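To start, the structure itself, in structure tokens.
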Amino acid sequence: MELHDVWFVLIAVLWTGYFFLEGFDFGVGILTKLLARDRPERRVLINTIGPVWDGNEVWLLTAGGATFAAFPEWYATLFSGFYLPLLLILVCLIVRGVAFEYRAKRPEENWQRNWETAIFWTSLIPAFLWGVAFGNIVRGVKIDQNFDYVGNLWDLLNPYAVLGGLVTLTLFTFHGAVFTALKTVGDIRVRARKLALQVGLVTAVLALIFLLWTQVDSGDGQSLVALIVAVASLVAALAANQAGREGWSFALSGITIVATVAMLFLSLFPNVMPSSLNEDWSLTVTNASSSPYTLKIMTWCAAIATPIVLLYQSWTYWVFRKRIGTQHIAADAAAGASH
């Protein structure tokens, strides 16, 4: 296997890790409006992801940096063609981080309510736009012979990509609801399981349509296996949720995300960004990659840094593994900090 193929796989792994981890904290952010009934419950939800949300975003930074270094042509075309959607995602992530940190800095009702509203919208919008972005990457966009994107914003809002956005939005919300049931106690845990069932059924319908569409358009035998795993895992996650097995349900919803992302990258390879105008103008792992020497240096750096990051994140999740509930929120600190 050539190094550019290895780095395509590594970038797929990074995006998979990002969607697995950031997926549930996007979902929890959305649940602050859909599930929480009052400020203590919203604080409980925020506290479930308080210690880990910023660490989850490391996967996005690493995926973006790896794409820039390993496939500069892909990075250039992607970020120039998808400039407005990616800028909106970036703004949402910035505001979301500020909202987590600033929400409890002042006791006024309006101040905290506004930041909580910001957490909701800055979780929902990226959860949708990431699906739109990857839907367009897999489907192909208007790239000319110079590898420049020549379409417009409305070309990106095609039915396939919008369906992809709805899939990631509902799947992340389901993932977040299952995570909430796993991390909480009391009434909020029970309601999280009920909401997970409702959202999960909608997700199953949308995901099945999207994955079948992907398979028909650009799939092969390997992507078909990923499709079967994704659908089976989602069904099993719903069953585990109904049985009150939150740990299994969360693991299976995570496998659904992993299999879905794997299917998209399997359908994409050996392209990294297909051209809908002419197949010969598509960006591939060969014509979009850096030099072999650059990829070799990157491989050594990744081999050293990746285990450190994995160990640190694993330790963080282990330390903050206990369940929490409204009874853990002091009455005089119901509007307190999220950390």
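Odds and ends about this structure:
- P(r) weight above 16 Å for segment 70-161, C-alpha pairs, percent: 61
- Rounded to the nearest 10 square angstrom, residue 290 shows an accessible area of 20 square angstrom against a 1.4 Å probe.
- Compared with the dominant Cα axis of the chain, that is its longest principal axis, helix 72-81 is turned about 60°.
- With every protein chain in place and a 1.4 angstrom probe, the accessible-area ranking of 163, 90, largest first, reads 90, 163.
- For segment 256-325, the relative contact order comes to 16 percent (Cα pairs under 8 Å, sequence separation of at least 6).
- Per-residue SASA remark: residue 117, around 40 Å² accessible (1.4 Å probe; ligands, DNA and RNA not included).
- Between helix 58-70 and the chain: long-axis angle, C-alpha atoms, 0 to 90°, nearest 10: 10
- Only DSSP H runs of four or more residues enter the estimate; each adds -39500 (n - 2.57), and after division by the residues of the chain the mean residue ellipticity at 222 nm equals -26000 deg cm²/dmol.
- Accessible surface ranking that places the most exposed of 319, 216 first, with a 1.4 angstrom probe: 216, 319
- Nearby aspartates and glutamates by direct alpha-carbon distance to residue 33 (threshold 14 angstrom, same-chain neighbours under 8 apart not counted): 25, 41, 116
- Tilt relative to the chain, helix 109-139 - C-alpha long axis, 0 to 90 degrees, to 10: 30
- Summary of packing: across the peptides 218-225, 63-70, the per-residue average of other C-beta atoms within 10 Å ranks them, highest first, as 63-70, 218-225.
The values are calculated or read from the model by the stated rules, or taken from the named source; none is laboratory data. Just so it is clear, the model here is predicted, and its values are computed rather than measured. Backbone-built Cβ (ideal geometry, glycine too); neighbour counts: all protein chains shown. Note: accessible area is taken over every heavy atom of the protein model, side chains too, but ligands, DNA and RNA are not part of it. Shrake-Rupley method; radii C 1.70, N 1.55, O 1.52, S 1.80 Å.
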